[in-house]
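Reviewing the structure listed below.
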Amino acid sequence: MSGYLGVIIYLGFIVAFAVVSLAVARLLRPHRPFAAKLETYECGARPIGEAWVQFPVGFYLVALVFIVFDALAVFLFPWVLALRGLGVWGVAAMLLFLSIIALGWLYAYRERILEWQ
């Protein structure tokens with residue numbers, strides 16, 4: 001437990017800093033509500049219809065798949081830079097990583113997540 005004491009204290013400082021920063025910002029911010037601020041803004045034009053529109057689930061699914069594959073693709077850049085020093089095991093590990101990504105893509109393709117309906 002003593003090995004993790006520094007981590008626990010550090011996490012405590014992080015949480016305390018976040019809470020104190022948000023509390024101070026709420027106390028110091030100007031609070032002047034009026035009707036024009038509460039309206040929906042659409043590039044200077046008067047809004048037509050309701051502001052709350054239900055989007056199809058396909059938008060969210062494509063966004064989630066994009067975020068997952070984009071975050072996983074970030075790991076390719078350091079691997080390419082360190083490729084010469086990694087040897088055969090480094091290449092094998094990255095091939096395993098890429099095969100897992102390919103399986104995820106095949107699953108998304110098979111479930112027709114990437115198609116617009």
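The values are calculated or read from the model by the stated rules, or taken from the named source; none is laboratory data. Everything numeric here is computed off the predicted structure, so don't read it as measured data. Note that each Cβ is placed from the backbone with ideal geometry, even for glycine, and that neighbours are counted across all protein chains shown.
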- Query: Within segment 75-83, can one find any residue that is more than 26 Å from the chain's Cα centre (by Cα), part of a helix (DSSP H, G or I) and modelled with pLDDT of 80 or more?
  - Reply: yes
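Yes/no matrix, rows are residues, columns are (1) touching a helix residue (DSSP H, G or I) at 6+ places or on another chain (Cβ under 8 Å); (2) aliphatic (A, V, I, L, M); (3) assigned to a helix (DSSP H, G or I):
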{"site": "Phe13", "(1), (2), (3)": "no, no, yes"}
{"site": "Phe17", "(1), (2), (3)": "no, no, yes"}
{"site": "Leu22", "(1), (2), (3)": "no, yes, yes"}
{"site": "Glu39", "(1), (2), (3)": "no, no, no"}
{"site": "Ile100", "(1), (2), (3)": "no, yes, yes"}
{"site": "Ile113", "(1), (2), (3)": "yes, yes, no"}
- Item | Inter-residue pairs, beta-carbon under 9 Å, first closer than 16 Å to Leu64 by Cβ and in segment 84-109, second exposed (fewer than 12 other Cβ atoms within 10 Å of the Cβ) and not β-branched (Val, Ile, Thr), 6+ apart | Ile101/Ala73; Tyr109/Glu115
- Is it true that Arg46 is of a type outside the set (A, V, I, L, M), at pLDDT 75 or above and surrounded by fewer than 10 Cβ atoms within 10 Å (Cβ to Cβ)? no
- Return a yes/no flag: does segment 63-75 have any residue that is surrounded by 11 or more Cβ atoms within 10 Å (Cβ to Cβ) and β-branched (Val, Ile, Thr). yes
- Lone qualifier among Ala63, Ala51 - being part of a loop (DSSP other than H, G, I, E, B) and at pLDDT below 85: Ala51
- Which one of Trp52, Trp79 is surrounded by 10 or more Cβ atoms within 10 Å (Cβ to Cβ) and aromatic (Phe, Trp, Tyr)? Trp79
- From Phe69, Phe55, Phe77, residue being without any contact (Cβ under 8 Å) to a residue 40 or more places away in the chain and closer than 30 Å to Leu38 by Cα: Phe55
